[in-house]
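The values are calculated or read from the model by the stated rules, or taken from the named source; none is laboratory data. In this text the structure is predicted, and so the values were computed from the model without any measurement. No Cβ is skipped: glycine too gets one built from the backbone with ideal geometry, and neighbour counts run over all protein chains shown.
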Amino acid sequence: MKRLREHLHVLQTTLSRLWLTPGASLLNMTIIGIALSLPVGTYVLLKSVQHLASSVAETPQISVFLDAGRRDPELRALRERLEANDRVSRVEFVSRDTALLQLQQSTGASDMVGDLPHNPLPDTFIIYPKSTDADAMEALHQELRSWQQFDHVQLDSAWVKKLDALLGLGRLATAILATTLSLALIAITFNTIRLQILTRRDEIEVSKLIGASDGFIRRPFLYFGLLQGLTGGIVAWLLVSASLWLLNGSLADLTQLYSSDFQLHTLSWPDSLALFAFSGYLGWLGAWFSVSQHLWQIEPR
């Protein structure tokens, strides 16, 4: 209990010191918040795009477009041949008339589509493979391309794989950016604590003269770095949340034109808590490095 009261007293004193220099404290918190908001904002954007890709193409499929003029007996024979393939799980047939109707409903351009002199869309087989492994799907894709009855064979998940590769690159870039800015934030806290140690040199010498331990002297600086980093994380959370709110307002008008409900996801509570914990830890780490380097150099004269 006594130890807890000591920590609470140090925390209260540290908050008072922050309040005594509101301008400098607010500036440091804002710099930390802006720096943290860059990787956090990029992470949220990547997460939203990844969610969109997974919702659009949950089940990989292969679209097979047929030559014009195929009669019903030929279509039935092709379907039976496809269903007999060991690599195929399920086959759906979409007639050209059904495809045209779906196009009208999905785009809202019924007048423009209705003015076409003839239906330009082909009959299509939608094939669901048994295995979603990339190599197995590519093998089935190549096999179907060799069939002469098919005009074009398209692996519909190919664009998702390309998007996943781009997202992987984006995640790597975000990690590099976060690491670089984290080092910068540690350096900011390191320099702030160094200046505090220099300005309080006489106070530290007196504390050592009366027998104060290094841990007792170190504690206020560590709390200061922790609070500075934590408040910087809160600033970053506010900046990212406000930016997402503004962007989602503009996206709502755009997505309505494409009959979509896509929106950028806000930071979840686990992500928010991780941001606060990480920013606080960075502040504490910068303070610890600074105190460890400079405190031992101060000895009573």
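When TRP284, TRP296 are checked against the criterion of being in a helix (DSSP H, G or I) and at pLDDT below 90, a single residue qualifies: TRP296.
A search for C-beta distances below 7 Å between a residue of the range 29-41 that is in contact (Cβ under 8 Å) with a residue 24 or more places away in the chain and assigned by TED's automatic domain parsing to the domain that holds GLY286 and any residue that is surrounded by fewer than 21 Cβ atoms within 10 Å (Cβ to Cβ) and among the polar types (S, T, N, Q), counting only pairs 6+ apart in sequence or on different chains, returns PRO39/THR174; GLY41/SER243.
The range 104-202 holds helices (runs of 4 or more DSSP H) entirely within its bounds, and those carrying 3 or more residues that are farther than 27 Å from PHE65 by Cα and at pLDDT below 85 map to 158-199. Of the residues screened, ARG81 is not one that is modelled with pLDDT under 85 and either outside the structural domain of SER241 (by TED's automatic domain parsing) or β-branched (Val, Ile, Thr) (or both). Counting only residues that are among the small types (Gly, Ala, Ser) and at pLDDT 85 or above, how many does the range 203-260 have? Number of matching residues: 8. Among the residues of the range 39-53, is any among the hydroxyl-bearing types (Ser, Thr, Tyr), touching a helix residue (DSSP H, G or I) at 6+ places or on another chain (Cβ under 7 Å) and at pLDDT 70 or above? Yes - at least one qualifying residue is present in the range 39-53.
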